[in-house]
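Asks: Take a look at the following structure, please.
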Amino acid sequence: MTAADDENDGQATERVVIRDRRKIDAKAEAKAKVAAEAADKATGGAHRAAEPEEGAEPVEAVAPAASPALGAELEALRGELDERTHDLQRVSAEYANYRKRVDRDRSAAAELTTGAVLTALLPVLDDIDRAREHGDLVGPFASVAEQLTAVTGKLGLTAFGEKGDSFDPNRHEAVAHLTSADVTEPTCVEVMRRGYTLGERLLRAALVAVADPE
């Protein structure tokens, strides 16, 4: 072996060392690591945390049990709601009854007022009846009489009491009694003055002569 060969063999076995003269920024490396961990949590970290591990049994979500205090408060609210509902129903019924009573009283007051006015006009109507019986109801006086009769009729005034009517002690006032073979029951055979009603209310009874069966 020559000297040249020994020199080449020494060079082949010599270790090669590479030296990097650049300085490593430790702060930058730490910041990069924190940013990578944050990105991992924002994207896949939460998803991986939600997924069950392989081979592990799924865990069912259990709703928290209701608090006894909350249940008692709910029952109290329900009871108060029922009480207020009953109060409202009672007030509504009382108001409806009040409205009916007011309407009824108003109608009764109006009927009383109308009855008082018509009662004051009855003597005038009696004069008209007598004039009609004697044939004196002619000319302008007849027109006025017809208009007055029409107005009182619109107000609800109704005359009654005719010959041949059955005697009704609730509607007729008998001023004379006699017997007759022509009747089978007490009958009005003469009407001295007609009676009047206002609706169902009797304003004045009729004056009549009554014939009883023999």
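The values are calculated or read from the model by the stated rules, or taken from the named source; none is laboratory data. All values reported here derive from a predicted model rather than from experimental measurement. Because the Cβ atoms are built from the backbone with ideal geometry, glycine has one as well, and the counts that use them run over all protein chains shown. The area values use the complete protein model at the heavy-atom level, side chains included, leaving out ligands, DNA and RNA. Shrake-Rupley method; radii C 1.70, N 1.55, O 1.52, S 1.80 Å.
Asks: From the set of residues in region 192-214 that are out of contact with any His (no Cβ under 9 Å at 6 or more places or on another chain) and within 10 Å of residue 161 (Cα to Cα), which is most open to solvent (accessible area, probe 1.4 Å)? Lay out the reasoning, then the answer.
Replies: From region 192-214, those out of contact with any His (no Cβ under 9 Å at 6 or more places or on another chain) are 192-194, 196-204, 213-214; that's our starting set.
With within 10 Å of residue 161 (Cα to Cα) added as a condition, the list becomes 192-194, 196.
Numbers: 192: 104, 193: 75, 194: 72, 196: 10 Å².
Here the answer is 192.
Asks: Select from region 122-141 the residues that are farther than 16 Å from residue 201 by Cα and aliphatic (A, V, I, L, M) and write down the one among them that is most open to solvent (accessible area, probe 1.4 Å). Please lay out each step first, then the result.
Replies: Of region 122-141, the ones farther than 16 Å from residue 201 by Cα are 123-141.
Pick out the ones that are also aliphatic (A, V, I, L, M) and you get 124-125, 128, 131, 137-138.
Values: 124: 65, 125: 11, 128: 7, 131: 14, 137: 39, 138: 93 Å².
The residue in question is 138.
Asks: Just to be sure I understand, how many residues within region 152-190 are open to solvent by less than 80 Å² (accessible area, probe 1.4 Å) and either basic (Lys, Arg) or under 14 Å from residue 202 (Cα atoms) (or both)?
Replies: 8
Asks: State which residue pairs qualify: first residue assigned to a helix (DSSP H, G or I) and inside region 107-121, second residue of a type in the set (D, E, K, R) and open to solvent by less than 50 Å² (accessible area, probe 1.4 Å) in any location, beta carbons under 9 Å apart, and separation of 6 or more residues or different chains.
Replies: Pairs that qualify, where the first residue is assigned to a helix (DSSP H, G or I) and the partner is of a type in the set (D, E, K, R) and open to solvent by less than 50 Å² (accessible area, probe 1.4 Å), are 119/204.
Asks: Can you tell me which residue among 145, 159 is under 55 Å from the mean Cα position of the chain (by Cα) and either closer than 23 Å to residue 208 by Cα or touching a residue at least 60 places away in the same chain (Cβ under 8 Å) (or both)?
Replies: Details: 145 fails: either closer than 23 Å to residue 208 by Cα or touching a residue at least 60 places away in the same chain (Cβ under 8 Å) (or both).
Of the residues listed, the single one that is under 55 Å from the mean Cα position of the chain (by Cα) and either closer than 23 Å to residue 208 by Cα or touching a residue at least 60 places away in the same chain (Cβ under 8 Å) (or both) is 159.
Asks: If I ask for residues that are part of a strand (DSSP E or B) and of a type in the set (D, E, K, R), which ones from region 182-198 would you list? Can you show your working first?
Replies: Of the residues in region 182-198, the ones part of a strand (DSSP E or B) are 187-193, 195-198.
Passing the criteria: 190, 193.
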